[in-house]
Amino acid sequence: MVGPRTGVRRGADPHRAPRRRRLVANDVRGRGAALTFTLVAAGRTGPNRALSFGDEGRSLDERGRRDVSSLDLRCPLAICGPESSVRETAALLADGVRVDDALRSIDLGSWVGRRPEEIPPAELHAWFTDPHAAPHGGESVAAFLGRVRTRLGDLPPAPEGVVVVAKPVVQAAVALHRDVGAAGFFGVDIPPASTWTVDISIRG
């Protein structure tokens, strides 16, 4: 439990010995209702010091595979984003995988493959302080959160399934759940290979 008032429940420590279980996604659609999802953040692709923007497109490293394999879950179906690390994570957790391109990570445009120190400081400042800015020419944080809310709200029920996505997608879902909006997006910390249960309001 992240906090008694947030309602966001974080999964077990990924380094703890696993106890396999099956997960259920509850569909409670309706005006003023919420849809409850179990989200899994993809495993790591490399140590933090070596990461660049858009690294979810790379394959899992050995540590990433080990962390995902030790998660306390197993399910018949995983709906997942299209990135390599996400698809590999889903394949380690589920008997079947369905790729959904609309669950892709945030579009970082010209920054993909570049490290933070390679980005002009003024562009980084705009990115981290203005939710509507897109200095890389891709997607703003505000637009990204809107896309995540819409897609999660439109997903068909997935009994005994989970949704596996890149960390920024989980970050967006948790920000929506906590009702902190795009302005609170960067304050949400999502470790690799972690599980989260969130309620996304469905606006009728």
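Restricting region 190-202 to residues that are assigned to a loop (DSSP other than H, G, I, E, B) and within 11 Å of the chain's Cα centre (by Cα) leaves a set whose member that is surrounded by the fewest Cβ atoms within 10 Å (Cβ to Cβ) is Pro191. Filtered by the rule that a residue be within 19 Å of Thr38 (Cβ to Cβ), assigned to a helix (DSSP H, G or I) and among the hydrophobic types (A, V, I, L, M, F, W, C), region 64-122 gives Val68, Val86, Ala90, Ala91, Leu92, Leu93, Ala102, Leu103.
Residues His136, His132: which one is assigned to a loop (DSSP other than H, G, I, E, B) and open to solvent by less than 50 Å² (accessible area, probe 1.4 Å)?
Step by step, each of His136, His132 is checked, and only His136 is assigned to a loop (DSSP other than H, G, I, E, B) and open to solvent by less than 50 Å² (accessible area, probe 1.4 Å).
Among the residues making up region 98-111, a single one is β-branched (Val, Ile, Thr) and without any contact (Cβ under 8 Å) to a residue 60 or more places away in the chain: Val99.
The set of residues from region 156-175 being modelled with pLDDT under 90, in contact with a strand residue (DSSP E or B) (Cβ under 7 Å, 6 or more places away or on another chain) and outside any strand (DSSP E or B) comprises Ala158, Glu160.
The values are calculated or read from the model by the stated rules, or taken from the named source; none is laboratory data. This structure is a prediction, so every number in the text was calculated from the model and none was measured. Note: ideal-geometry Cβ built from the backbone for every residue, glycine included; neighbour counts use all protein chains shown. Surface accessibility is based on the protein's heavy atoms, side chains included, excluding ligands, DNA and RNA. Shrake-Rupley method; radii C 1.70, N 1.55, O 1.52, S 1.80 Å.
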